[in-house]
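Data first, discussion second: the structure below is written as C-alpha coordinates.
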Amino acid sequence: MPGWIDAHNHLHDPRLGSDPGTLILSMREAGITRCVVNATREEDWHHVLDLSSSLPDFVIPALGIHPWHAHTATRGWVERLKCLLENYPAAGIGECGLDRWVDTPTLDTQLPIFLQQIRLARQLDRPLTIHCLKAWGALDEAFAIEPPPRRFLMHSYGGSLETARILAKQGAWFSFSGYFLHPRKSAALNVFRALPSDKILLETDAPDMLPPTGFIHHPMPDGINHPANLPAIGQGLADALGITIAELRDLTNSNAERFLGRQNSPPHHG
(Lines give C-alpha, C1' and ligand atoms only; values in the text may rest on other atoms or scores of the structure.)
Protein backbone atom coordinates (compact mmCIF):
# COMPACT_ATOMS: atom_id res chain seq x y z
CA MET A 1 0.00 0.00 0.00
CA PRO A 2 1.39 3.44 -0.89
CA GLY A 3 2.40 5.58 2.05
CA TRP A 4 2.43 9.31 2.60
CA ILE A 5 5.27 11.35 1.13
CA ASP A 6 6.12 14.71 2.68
CA ALA A 7 7.24 16.75 -0.32
CA HIS A 8 8.88 19.47 1.77
CA ASN A 9 10.17 19.71 5.31
CA HIS A 10 13.23 20.74 7.32
CA LEU A 11 13.80 17.68 9.47
CA HIS A 12 17.31 18.88 10.34
CA ASP A 13 16.01 22.13 11.87
CA PRO A 14 17.15 22.39 15.53
CA ARG A 15 13.66 23.58 16.51
CA LEU A 16 12.57 19.97 16.00
CA GLY A 17 15.18 18.77 18.48
CA SER A 18 18.71 17.45 18.26
CA ASP A 19 17.77 13.80 17.67
CA PRO A 20 15.41 13.17 14.74
CA GLY A 21 14.98 9.51 15.68
CA THR A 22 11.84 10.04 17.78
CA LEU A 23 10.33 12.31 15.14
CA ILE A 24 10.97 9.79 12.40
CA LEU A 25 9.48 6.96 14.47
CA SER A 26 6.28 8.99 14.85
CA MET A 27 6.30 9.74 11.14
CA ARG A 28 6.65 6.07 10.23
CA GLU A 29 3.89 5.13 12.68
CA ALA A 30 1.66 7.72 10.96
CA GLY A 31 2.22 5.99 7.62
CA ILE A 32 4.81 8.38 6.18
CA THR A 33 7.26 6.44 4.06
CA ARG A 34 9.47 9.16 2.57
CA CYS A 35 10.16 12.87 2.91
CA VAL A 36 12.15 15.53 1.09
CA VAL A 37 14.36 17.40 3.56
CA ASN A 38 15.35 20.85 2.31
CA ALA A 39 18.44 22.79 3.28
CA THR A 40 18.15 26.56 3.43
CA ARG A 41 21.83 27.63 3.56
CA GLU A 42 25.31 26.25 3.08
CA GLU A 43 25.77 25.21 6.70
CA ASP A 44 22.72 22.94 6.37
CA TRP A 45 23.96 20.93 3.42
CA HIS A 46 25.97 18.32 5.30
CA HIS A 47 23.33 18.00 8.03
CA VAL A 48 20.77 17.11 5.37
CA LEU A 49 23.16 14.74 3.60
CA ASP A 50 24.00 13.04 6.90
CA LEU A 51 20.29 12.42 7.46
CA SER A 52 19.84 10.99 3.99
CA SER A 53 22.93 8.79 4.33
CA SER A 54 21.71 7.34 7.62
CA LEU A 55 18.12 6.92 6.36
CA PRO A 56 18.41 6.41 2.58
CA ASP A 57 15.02 4.72 2.37
CA PHE A 58 13.29 7.59 4.14
CA VAL A 59 15.07 10.93 3.53
CA ILE A 60 15.47 12.48 0.09
CA PRO A 61 17.91 15.42 0.32
CA ALA A 62 17.50 18.81 -1.32
CA LEU A 63 20.38 21.28 -1.14
CA GLY A 64 20.06 24.98 -1.77
CA ILE A 65 20.09 28.54 -0.46
CA HIS A 66 16.80 30.07 0.65
CA PRO A 67 16.13 33.69 -0.35
CA TRP A 68 16.16 34.72 3.32
CA HIS A 69 19.77 33.51 3.50
CA ALA A 70 20.96 34.72 0.10
CA HIS A 71 23.31 37.20 1.77
CA THR A 72 25.13 34.36 3.56
CA ALA A 73 26.35 32.70 0.35
CA THR A 74 30.14 32.51 0.35
CA ARG A 75 32.62 32.59 -2.50
CA GLY A 76 32.63 29.33 -4.46
CA TRP A 77 29.25 28.13 -3.17
CA VAL A 78 27.97 27.14 -6.61
CA GLU A 79 30.99 24.95 -7.29
CA ARG A 80 30.66 23.27 -3.89
CA LEU A 81 26.95 22.69 -4.41
CA LYS A 82 27.52 21.20 -7.85
CA CYS A 83 30.16 18.85 -6.47
CA LEU A 84 27.83 17.63 -3.72
CA LEU A 85 24.97 17.14 -6.17
CA GLU A 86 27.19 15.14 -8.52
CA ASN A 87 28.18 12.91 -5.60
CA TYR A 88 24.56 12.53 -4.49
CA PRO A 89 22.42 11.81 -7.56
CA ALA A 90 19.41 11.37 -5.25
CA ALA A 91 19.54 15.03 -4.22
CA GLY A 92 17.33 17.79 -5.55
CA ILE A 93 17.99 21.53 -5.39
CA GLY A 94 16.22 23.74 -2.87
CA GLU A 95 14.92 25.44 -1.03
CA CYS A 96 15.53 28.51 -3.14
CA GLY A 97 13.52 31.33 -4.62
CA LEU A 98 12.44 34.93 -4.24
CA ASP A 99 10.72 36.76 -1.40
CA ARG A 100 9.48 40.35 -1.27
CA TRP A 101 7.83 39.81 2.12
CA VAL A 102 11.21 40.37 3.80
CA ASP A 103 13.16 43.62 3.54
CA THR A 104 16.56 42.00 3.99
CA PRO A 105 18.16 40.58 1.96
CA THR A 106 16.82 42.62 -0.92
CA LEU A 107 15.60 41.12 -4.16
CA ASP A 108 18.79 42.37 -5.79
CA THR A 109 20.73 40.07 -3.46
CA GLN A 110 18.29 37.17 -3.80
CA LEU A 111 18.02 37.12 -7.57
CA PRO A 112 21.55 36.12 -8.64
CA ILE A 113 21.63 33.34 -6.03
CA PHE A 114 18.31 32.04 -7.31
CA LEU A 115 19.32 32.26 -10.97
CA GLN A 116 22.41 30.14 -10.38
CA GLN A 117 20.32 27.46 -8.68
CA ILE A 118 17.84 27.41 -11.59
CA ARG A 119 20.73 27.01 -14.01
CA LEU A 120 22.26 24.20 -11.97
CA ALA A 121 18.94 22.35 -11.72
CA ARG A 122 18.52 22.56 -15.49
CA GLN A 123 22.10 21.48 -16.19
CA LEU A 124 21.95 18.49 -13.83
CA ASP A 125 18.27 17.70 -14.50
CA ARG A 126 17.35 17.83 -10.82
CA PRO A 127 13.98 18.71 -9.29
CA LEU A 128 13.98 22.30 -8.05
CA THR A 129 12.02 23.42 -4.98
CA ILE A 130 10.97 27.07 -5.14
CA HIS A 131 9.83 29.45 -2.41
CA CYS A 132 8.00 32.47 -3.81
CA LEU A 133 6.28 35.05 -1.64
CA LYS A 134 4.91 38.33 -3.00
CA ALA A 135 7.38 38.07 -5.90
CA TRP A 136 5.43 36.54 -8.78
CA GLY A 137 6.46 39.17 -11.30
CA ALA A 138 10.08 38.76 -10.27
CA LEU A 139 9.76 34.97 -10.68
CA ASP A 140 8.49 35.45 -14.22
CA GLU A 141 11.43 37.76 -14.95
CA ALA A 142 13.86 35.22 -13.46
CA PHE A 143 12.51 32.48 -15.75
CA ALA A 144 12.97 34.81 -18.72
CA ILE A 145 16.66 35.02 -17.81
CA GLU A 146 17.13 31.39 -16.77
CA PRO A 147 14.51 28.95 -18.09
CA PRO A 148 13.32 26.55 -15.38
CA PRO A 149 14.25 22.86 -15.35
CA ARG A 150 11.71 20.41 -16.74
CA ARG A 151 10.18 19.88 -13.29
CA PHE A 152 10.02 22.22 -10.33
CA LEU A 153 7.94 22.43 -7.17
CA MET A 154 6.19 25.58 -6.02
CA HIS A 155 6.24 24.66 -2.37
CA SER A 156 3.38 25.77 -0.14
CA TYR A 157 1.90 27.46 -3.18
CA GLY A 158 -0.05 30.60 -2.27
CA GLY A 159 -0.33 32.32 -5.62
CA SER A 160 -3.30 32.78 -7.90
CA LEU A 161 -4.89 30.16 -10.13
CA GLU A 162 -3.96 32.24 -13.18
CA THR A 163 -0.29 32.22 -12.16
CA ALA A 164 -0.47 28.50 -11.39
CA ARG A 165 -1.75 27.73 -14.87
CA ILE A 166 1.15 29.65 -16.42
CA LEU A 167 3.67 27.91 -14.16
CA ALA A 168 2.17 24.47 -14.85
CA LYS A 169 2.88 24.94 -18.57
CA GLN A 170 6.51 25.62 -17.63
CA GLY A 171 6.86 22.39 -15.62
CA ALA A 172 5.53 23.35 -12.19
CA TRP A 173 4.04 21.11 -9.53
CA PHE A 174 2.37 22.52 -6.41
CA SER A 175 2.52 21.37 -2.80
CA PHE A 176 -0.19 21.96 -0.23
CA SER A 177 0.72 22.76 3.37
CA GLY A 178 -1.47 22.59 6.46
CA TYR A 179 -1.35 26.35 6.98
CA PHE A 180 -3.83 26.67 4.12
CA LEU A 181 -6.46 24.89 6.24
CA HIS A 182 -6.86 28.03 8.34
CA PRO A 183 -10.16 29.72 7.38
CA ARG A 184 -8.37 32.95 6.45
CA LYS A 185 -6.47 31.01 3.79
CA SER A 186 -9.57 29.78 1.96
CA ALA A 187 -8.44 31.44 -1.29
CA ALA A 188 -5.37 29.19 -1.42
CA LEU A 189 -7.54 26.14 -0.74
CA ASN A 190 -9.81 27.15 -3.63
CA VAL A 191 -6.77 27.30 -5.95
CA PHE A 192 -5.88 23.71 -5.07
CA ARG A 193 -9.45 22.66 -5.83
CA ALA A 194 -8.95 23.96 -9.38
CA LEU A 195 -5.41 22.68 -10.02
CA PRO A 196 -4.82 19.58 -12.15
CA SER A 197 -4.93 16.69 -9.67
CA ASP A 198 -1.79 15.11 -11.14
CA LYS A 199 0.27 18.18 -10.18
CA ILE A 200 -0.62 18.29 -6.45
CA LEU A 201 1.81 17.20 -3.72
CA LEU A 202 1.47 17.33 0.07
CA GLU A 203 3.91 18.86 2.54
CA THR A 204 4.28 19.88 6.17
CA ASP A 205 7.11 22.44 5.87
CA ALA A 206 7.86 21.29 9.43
CA PRO A 207 8.73 22.93 11.76
CA ASP A 208 6.77 25.78 10.10
CA MET A 209 3.29 26.17 8.55
CA LEU A 210 1.40 24.87 11.59
CA PRO A 211 -2.14 23.76 10.63
CA PRO A 212 -5.26 24.66 12.64
CA THR A 213 -5.73 22.96 16.01
CA GLY A 214 -8.05 20.27 14.66
CA PHE A 215 -5.31 19.03 12.33
CA ILE A 216 -2.54 18.92 14.92
CA HIS A 217 -2.33 15.25 15.87
CA HIS A 218 1.22 15.55 17.17
CA PRO A 219 1.44 18.75 19.23
CA MET A 220 4.77 20.37 19.98
CA PRO A 221 5.55 23.43 22.11
CA ASP A 222 5.99 26.98 20.82
CA GLY A 223 3.87 26.55 17.71
CA ILE A 224 6.21 24.00 16.15
CA ASN A 225 4.70 21.84 13.40
CA HIS A 226 5.48 18.13 13.84
CA PRO A 227 6.12 16.37 10.49
CA ALA A 228 3.85 13.48 11.57
CA ASN A 229 0.89 15.86 11.14
CA LEU A 230 1.05 15.12 7.40
CA PRO A 231 -1.84 12.58 7.27
CA ALA A 232 -4.10 14.94 9.23
CA ILE A 233 -3.28 17.70 6.73
CA GLY A 234 -4.04 15.20 3.99
CA GLN A 235 -7.46 14.61 5.53
CA GLY A 236 -8.18 18.33 5.34
CA LEU A 237 -7.16 18.52 1.69
CA ALA A 238 -9.08 15.35 0.85
CA ASP A 239 -12.24 16.82 2.35
CA ALA A 240 -11.76 20.02 0.34
CA LEU A 241 -11.27 18.05 -2.89
CA GLY A 242 -14.23 15.78 -2.21
CA ILE A 243 -12.23 12.54 -2.18
CA THR A 244 -11.37 10.01 0.50
CA ILE A 245 -8.19 10.24 2.52
CA ALA A 246 -7.00 6.98 0.94
CA GLU A 247 -7.54 8.45 -2.52
CA LEU A 248 -5.63 11.60 -1.53
CA ARG A 249 -2.76 9.55 -0.09
CA ASP A 250 -2.50 7.41 -3.24
CA LEU A 251 -2.78 10.45 -5.50
CA THR A 252 -0.10 12.51 -3.78
CA ASN A 253 2.15 9.47 -3.40
CA SER A 254 1.95 8.73 -7.12
CA ASN A 255 2.46 12.39 -7.99
CA ALA A 256 5.48 12.68 -5.70
CA GLU A 257 7.07 9.54 -7.14
CA ARG A 258 6.67 10.91 -10.66
CA PHE A 259 7.98 14.32 -9.66
CA LEU A 260 11.00 12.91 -7.85
CA GLY A 261 11.80 10.52 -10.69
CA ARG A 262 15.21 8.95 -10.24
CA GLN A 263 15.56 10.41 -6.75
CA ASN A 264 15.54 6.98 -5.17
CA SER A 265 18.98 6.30 -6.62
CA PRO A 266 21.58 5.58 -3.91
CA PRO A 267 24.31 8.16 -3.34
CA HIS A 268 27.74 7.51 -4.74
CA HIS A 269 31.06 9.13 -4.03
CA GLY A 270 33.54 9.96 -6.73
- [ ] Have a look at Trp4, Trp68 and point out the one that is buried (at least 18 other Cβ atoms within 10 Å of the Cβ), within 26 Å of His218 (Cα to Cα) and not aliphatic (A, V, I, L, M).
- [x] Trp4
- [ ] May I ask you to verify whether Asp205 is surrounded by fewer than 17 Cβ atoms within 10 Å (Cβ to Cβ) and touching a residue at least 24 places away in the same chain (Cβ under 8 Å)?
- [x] no
TODO: Go through the stretch 208-254 residue by residue and tally those that are free of Cβ contacts under 8 Å to residues at least 40 places away in the same chain and among the polar types (S, T, N, Q).
DONE: 3
Task: Those residues of the stretch 24-36 which are aliphatic (A, V, I, L, M) and within 18 Å of the chain's Cα centre (by Cα), in sequence order - done: Ile24, Met27, Ile32, Val36
Task: Test: residue in the stretch 180-193 that is at pLDDT 95 or above and touching an Asp or Glu at 6+ places or on another chain (Cβ under 7 Å) - done: no
Open item on the list: Looking at the stretch 37-66, I want the residues that are farther than 12 Å from Glu95 by Cα and without any contact (Cβ under 8 Å) to a residue 40 or more places away in the chain and have a partner that is of a type in the set (D, E, K, R) and surrounded by 20 or more Cβ atoms within 10 Å (Cβ to Cβ) with Cβ atoms under 7 Å, at least 6 apart or on another chain. Which pairs are those?
Closed with: Phe58/Arg34
Task: First in the stretch 156-181 and in contact (Cβ under 8 Å) with a residue 24 or more places away in the chain, second anywhere and part of a strand (DSSP E or B) and surrounded by fewer than 20 Cβ atoms within 10 Å (Cβ to Cβ), Cβ under 8 Å, 6 or more apart - done: Gly158/Leu133
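The values are calculated or read from the model by the stated rules, or taken from the named source; none is laboratory data. Treat the numbers as computed from the prediction; the structure is a model and nothing was measured. Note that each Cβ is placed from the backbone with ideal geometry, even for glycine, and that neighbours are counted across all protein chains shown.
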